[in-house]
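Data block below; observations after.
The values are calculated or read from the model by the stated rules, or taken from the named source; none is laboratory data. These figures come from a predicted structure and were not determined experimentally. Here the Cβ positions follow ideal geometry from the backbone for every residue, glycine too, while neighbour counts run over all protein chains shown.
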Amino acid sequence: MNLAGKVVVLSGGASGLGRGTARYMVREKGARVVVLDRNAAGGRELVDELGDGSCRFHETDVTDEAAVAAAIDAGAAAFGAIHACLNFAGVVSPMRILDKEGRASNGARFRATVLVNLVGSFNVMAHCVEWMARNEPDADNERGVVVNVASGAAFDGQVGQSAYASSKAGVVGLALPAARELAELGIRVNTIAPGAFETPMIKSLPDSVLSRIASDFQFPKRFGTPDEIAGLCAFLCESGYMNGECVRLDGAFRLPPR
Ligand SMILES: NC(=O)c1ccc[n+]([C@@H]2O[C@H](COP(=O)([O-])OP(=O)(O)OC[C@H]3O[C@@H](n4cnc5c(N)ncnc54)[C@H](O)[C@@H]3O)[C@@H](O)[C@H]2O)c1
């Protein structure tokens, strides 16, 4: 897919990797973006920065299916179509399986994490795909493309990350059945599993965890940047033969057990 002039929906686009990718899609690729996020201040800042001819923001919780549908419908009405869907909205929520007294932890945090990271990605993907199915196919019979953002934690989940890691493993598992099911519509689905990127989410971790991560960097010996994720998103959108795949972007970094 040539991204110039295309309409790209980004969930979680008001901060961090999603925000960097929204900027990149507009500035480097000439796309227009529809951002869904519950961070209203960040979303409004992005519209001010990119201009409302290129960027629309809808304050949306991705777990609220009706709100997701309304936001995507409004984005499609404003820009005429939906061609790509990039799912960044996510939360990291450390939790132990047993509490300090050895009792089973309340499952509320587990459920909430899966609901945002996995069910939220499904909700946004499904409503975008409904619009993509109406597009005229291009010369390669393509109508749309989806990129879901998982995490290296899907493969190397740490102690205390059972909710986050398993929700992200679910995101990895979504790509192939979705790619197979949507093949007849000419819609591709891929996944990115980032390593450690400098964003508000990672900065929220304790300094001890951050320095432990930094000591395990291979090459390059640094955090990744939002532009590096954006470049991979653009590649996955543009490269018509990439489908049903999960790409790790981590400079050979692997999360240690703790
Ligand atoms: N930063 C990293 O190193 C890293 C590593 C692996 C995976 N990831 C994944 O990349 C994605 C982006 O992370 P980031 O580092 O940019 O974090 P971030 O916290 O900067 O951005 C996440 C965005 O998602 C939004 N969001 C959270 N819950 C939402 C909900 N229910 N509805 C709508 N929006 C919601 C937040 O408001 C925020 O704007 C996440 O899915 C994260 O799990 C990040």
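Test of understanding: among ALA77, ALA4, ALA81, which residue is out of contact with any Gly (no Cβ under 7 Å at 6 or more places or on another chain), farther than 30 Å from SER166 by Cβ and in a loop (DSSP other than H, G, I, E, B)?
After applying the criteria, what remains is ALA81.
So which residues in the stretch 23-46 are in a helix (DSSP H, G or I), aliphatic (A, V, I, L, M) and within 14 Å of the ligand (Cβ to nearest atom)?
If the condition is that a residue be in a helix (DSSP H, G or I), aliphatic (A, V, I, L, M) and within 14 Å of the ligand (Cβ to nearest atom), then ALA40, ALA41, LEU46 are the ones that fit.
Is it true that some residue in the stretch 67-80 is surrounded by fewer than 21 Cβ atoms within 10 Å (Cβ to Cβ) and near the ligand (Cβ under 10 Å from one of its atoms)?
Yes, the stretch 67-80 contains a residue that is surrounded by fewer than 21 Cβ atoms within 10 Å (Cβ to Cβ) and near the ligand (Cβ under 10 Å from one of its atoms).
Could you give me the residue pairs with C-beta distances under 8 Å whose first residue belongs to the stretch 11-22 and is over 17 Å from VAL116 (Cβ atoms) and part of a helix (DSSP H, G or I), whose second residue is more than 6 Å from the ligand (Cβ to nearest atom) and polar (S, T, N, Q) wherever it lies, and which are 6+ apart or on separate chains?
GLY20/THR225
Quick test of your reading of the structure: ASN141 fulfils all but one of (1) without any contact (Cβ under 8 Å) to a residue 40 or more places away in the chain; (2) more than 24 Å from PRO200 (Cβ to Cβ). Name the failing condition by number.
So ASN141 meets the others, but not (1).
Could you tell me whether ASP156 is surrounded by fewer than 22 Cβ atoms within 10 Å (Cβ to Cβ), of a type in the set (Asp, Glu), within 16 Å of the ligand (Cβ to nearest atom) and farther than 26 Å from PRO94 by Cα?
Working: surrounded by fewer than 22 Cβ atoms within 10 Å (Cβ to Cβ): yes; of a type in the set (Asp, Glu): yes; within 16 Å of the ligand (Cβ to nearest atom): yes; farther than 26 Å from PRO94 by Cα: no.
Judged against the criteria, ASP156 is not a match.
As an exercise: evaluate ARG188 against (1) surrounded by fewer than 17 Cβ atoms within 10 Å (Cβ to Cβ); (2) among the charged types (D, E, K, R); (3) away from the ligand (no atom under 15 Å from the Cβ) and give the number of the one condition it does not meet.
Condition (1) is where ARG188 drops out.
Kindly indicate whether any position in the stretch 206-215 is away from the ligand (no atom under 11 Å from the Cβ) and in contact with a strand residue (DSSP E or B) (Cβ under 8 Å, 6 or more places away or on another chain).
There is no residue in the stretch 206-215 that is away from the ligand (no atom under 11 Å from the Cβ) and in contact with a strand residue (DSSP E or B) (Cβ under 8 Å, 6 or more places away or on another chain).
The rows are residues; the columns are (1) touching a Phe, Trp or Tyr at 6+ places or on another chain (Cβ under 9 Å); (2) in contact (Cβ under 8 Å) with a residue 60 or more places away in the chain; (3) of a type in the set (Ser, Thr, Tyr).
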| site | (1), (2), (3) |
| --- | --- |
| ASN2 | no, yes, no |
| GLU49 | no, no, no |
| ASP61 | no, no, no |
| ASP73 | yes, no, no |
| ASP99 | no, no, no |
| GLY102 | no, no, no |
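Scan the stretch 129-153 residue by residue and report those that are of a type in the set (A, V, I, L, M) and either away from the ligand (no atom under 12 Å from the Cβ) or assigned to a loop (DSSP other than H, G, I, E, B) (or both).
VAL129, MET132, ALA133, ALA139, VAL145, VAL146, ALA150
Just one of (1) touching a strand residue (DSSP E or B) at 6+ places or on another chain (Cβ under 9 Å); (2) among the hydrophobic types (A, V, I, L, M, F, W, C); (3) without any contact (Cβ under 8 Å) to a residue 40 or more places away in the chain trips up ALA126, so point out which.
Answer for ALA126: the failing condition is (1).
So which helices (runs of 4 or more DSSP H) are wholly in the stretch 173-258 and hold at least 1 residues that are more than 15 Å from GLY16 (Cα to Cα) and touching a residue at least 40 places away in the same chain (Cβ under 8 Å)?
Output list reads 207-215, 226-238.
Here are the criteria: (1) in a loop (DSSP other than H, G, I, E, B); (2) at pLDDT 95 or above; (3) on the phi < 0 side of the Ramachandran plot. Tell me which single one VAL114 does not satisfy.
Condition not satisfied by VAL114: (1).
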